[in-house]
Every structure is written in structure tokens, then in C-alpha cells.
1. Restricting attention to the stretch 118-133, report how many residues are closer than 17 Å to Trp206 by Cα and in a helix (DSSP H, G or I).
2. Looking at the stretch 187-197, is at least one residue farther than 30 Å from Gly122 by Cα and either in a loop (DSSP other than H, G, I, E, B) or modelled with pLDDT under 90 (or both)?
3. Of a type in the set (A, V, I, L, M, F, W, C) and surrounded by fewer than 18 Cβ atoms within 10 Å (Cβ to Cβ), is that true of Ala190?
4. Checking the structure you have, find out if any residue of the stretch 203-225 is open to solvent by 60 Å² or more (accessible area, probe 1.4 Å), among the charged types (D, E, K, R) and at pLDDT 90 or above.
5. Please work out if Ala176 is hydrophobic (A, V, I, L, M, F, W, C), outside any helix (DSSP H, G or I), modelled with pLDDT under 90 and over 21 Å from Ser78 (Cα atoms).
6. In the set Val63, Val100, Val51, Val92, which member is open to solvent by 40 Å² or more (accessible area, probe 1.4 Å) and either touching a Cys at 6+ places or on another chain (Cβ under 9 Å) or not in a helix (DSSP H, G or I) (or both)?
7. Starting from residues that are outside any loop (DSSP other than H, G, I, E, B) and β-branched (Val, Ile, Thr), keep the ones in the stretch 66-83 and report whichever is farthest from the chain's Cα centre (by Cα).
8. Does Arg180 qualify as being touching a helix residue (DSSP H, G or I) at 6+ places or on another chain (Cβ under 9 Å), surrounded by fewer than 16 Cβ atoms within 10 Å (Cβ to Cβ) and over 30 Å from Lys42 (Cβ atoms)?
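The values are calculated or read from the model by the stated rules, or taken from the named source; none is laboratory data. Just so we're clear, the structure is a prediction, and the values are computed from it rather than from any experiment. Cβ placement follows ideal geometry from the backbone for every residue including glycine, while neighbour counts extend to all protein chains displayed. Heavy atoms of the whole protein, side chains included, go into the accessibility calculation; ligands, DNA and RNA do not. Shrake-Rupley method; radii C 1.70, N 1.55, O 1.52, S 1.80 Å.
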Amino acid sequence: MSTAVAPSQVRLISPLGLLQKLSGLKVLLPFAVLVAIWWAIKVGAGITDEVLVSPATAFAAFVRLVTTGVLSEYASTSLRMIGACAMFSLAVGVPIGFAVGVNRYAARSCEGFLRFLQGVSGIAWLPLVIIWLGLSYKTTLAVVIYTLIVPIVFNTMIGVRTIPENYVLALRSLGAGRLRLATDVYLPGALPSIVVGLRLGMGYGWRALIAAEMLVHSGGLGDLIFSARTFNQIDRIIVGMIVIGCLYIIVDRLIVQPIENLTIARWGVLRK
């Protein structure tokens, strides 16, 4: 005896939902291809585990690091450091960018200098900062803040300089003071550039953080993978590299990019 299925129990996938699922699969496709190439090289070339482990071995190492709490400890150290440095860099870099940007003579004078500082990466400062501050968390803090704050200052300055002068003159003619100009003109006008500077700084700062952690050995994912080198723990090194990339994608796509999209949609022109 056949049983009838109620219409409410039948779930139909709309074309939009199907497209969203397919787009999600497209994002994962390059990673799947990379794992397949990794596995093929490992098996086809007969490489030993002392040189390159298999994806299955790396996944087993990932499970061990998660269950023992080692991975969460190192990852949380890196995330706390980059988060604290980002907040401090915003609090200091945005006012400096405003101060330079509102004066066209100062902006012209500092533009080349700021571009020079952007060219000298935070990683290049590491040997000198280690001599100054030693192998401590202060070294990591200084390098990451430098790497973050320079693009924030530069993009804030550029954002302020792109605001039409008529807006400033209009508010001044109505008796607006400096505080009113900053909150009603400079901040909304420069906000898209500020967020872009933050996104660039987060990318540069994340790489500088990992490099500093490798040398300083004060915890973090960089310390995890560099310490694993001592014992030839290839599986740990590969897991650490994968986690570093995944965490950056999560921070960039789930936190920074939505803020940038909302800011540009509200205050600026959406760029495609």
C-alpha cells in the first residue's frame, strides 16, 4: 500500500538557491584541485614522509592539534595580536591621516615619505627591531603596528584630499567649526579609503606577524610551524600553513570585507 507524501514535506530547491550552492562549490574547487595535485605528487613520485606527508597524514595531525588544544592556543595568540594591533593602528593612524590630509602642503610633503615607508615592509624592519627590543613580544608588536599603521595613515590622507573643497567651504560659511567639519565632512568622505587602508594593512600585518612569530618564538602560528621544523614535523608545518591561510580568509571575508562593502555602499561609489 503506497503512502502519499504531503506537499509540505517536499522541498524544492529554487534556481537561486541552486546557483548559490554551485557558487560555493566553485570556491572550494581550486582547493580540491590543490589537494589532488598534492596527493598525486606524494604517491606518484614516491616521496617519503620526511620530505612531504600525504593529505590524510596532515588531516590526522590537524585532528590531534585540535583535540589537544594546541592549535587553538597558538591561533588565539596570533588573532589577539593582530586584533589589538589593528585597533591601536586605527586609533592612532586615522587622526594622523586627518591632520596631514587637511593641509595640502603637508599632504604633498608626506606623500612620498609614506610611499617610501610602504615600500619598506615590516619584515625588513625585523633584524633592527630585534637588536633594539630583543626577542620579545614587543618586537612582534612594533613590527605589526608599523605594517598596519602606514597604509591606514596613507589611505586616510588620500581620502581626505579627495573630498571636494566646496563641501568644506559650504559648512564653514554656515559657521561650522573644526569638530563639525571632521564629523560631517572629513570622516564620512574618507571612510571608504580608511577601510581600504585597514584591509591592506591587515593583509600586510598578518604576513609580518607570522614572520615575527617565527623569529621571536613568543607563541602564535608562526612559532608553531617554525618550532615544528626542529623536529622535522612536516605534518605540523603543513597544518600550520593551511590554518594561517584559512584564518586570513575568515577575517578578511567575514569581518573586513563586509565592513568595506557597507561603507562604500553608504558613503562612496561601489567599485566592481
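1. Within the stretch 118-133, the subset closer than 17 Å to Trp206 by Cα is 118-126.
From what's left, in a helix (DSSP H, G or I): 118-119, 122-126.
Total meeting the criteria: 7.
2. Step one: of the stretch 187-197, the residues farther than 30 Å from Gly122 by Cα are none.
Taking every residue of the stretch 187-197 in turn, none turns out to be farther than 30 Å from Gly122 by Cα and either in a loop (DSSP other than H, G, I, E, B) or modelled with pLDDT under 90 (or both).
3. Working: of a type in the set (A, V, I, L, M, F, W, C): yes; surrounded by fewer than 18 Cβ atoms within 10 Å (Cβ to Cβ): no.
Criteria not met by Ala190.
4. Start the filter on the stretch 203-225 by keeping residues that are open to solvent by 60 Å² or more (accessible area, probe 1.4 Å), which leaves 204, 207, 215, 217.
Applying the additional criterion that residues be among the charged types (D, E, K, R) yields 207.
Applying the additional criterion that residues be at pLDDT 90 or above yields 207.
Checked the stretch 203-225: at least one residue is open to solvent by 60 Å² or more (accessible area, probe 1.4 Å), among the charged types (D, E, K, R) and at pLDDT 90 or above.
5. On the way: hydrophobic (A, V, I, L, M, F, W, C): yes; outside any helix (DSSP H, G or I): yes; modelled with pLDDT under 90: yes; over 21 Å from Ser78 (Cα atoms): yes.
So Ala176 passes the test.
6. Val51
7. Taking the stretch 66-83 and keeping what is outside any loop (DSSP other than H, G, I, E, B), we get 66-67, 70-83.
In the following step, the residues that additionally are β-branched (Val, Ile, Thr) were identified as 66-67, 70, 77, 82.
Numbers: Val66: 23, Thr67: 26, Val70: 22, Thr77: 15, Ile82: 9 Å.
Going through the qualifying residues, I end up with Thr67.
8. Details: touching a helix residue (DSSP H, G or I) at 6+ places or on another chain (Cβ under 9 Å): yes; surrounded by fewer than 16 Cβ atoms within 10 Å (Cβ to Cβ): yes; over 30 Å from Lys42 (Cβ atoms): yes.
Answer is yes for this residue.
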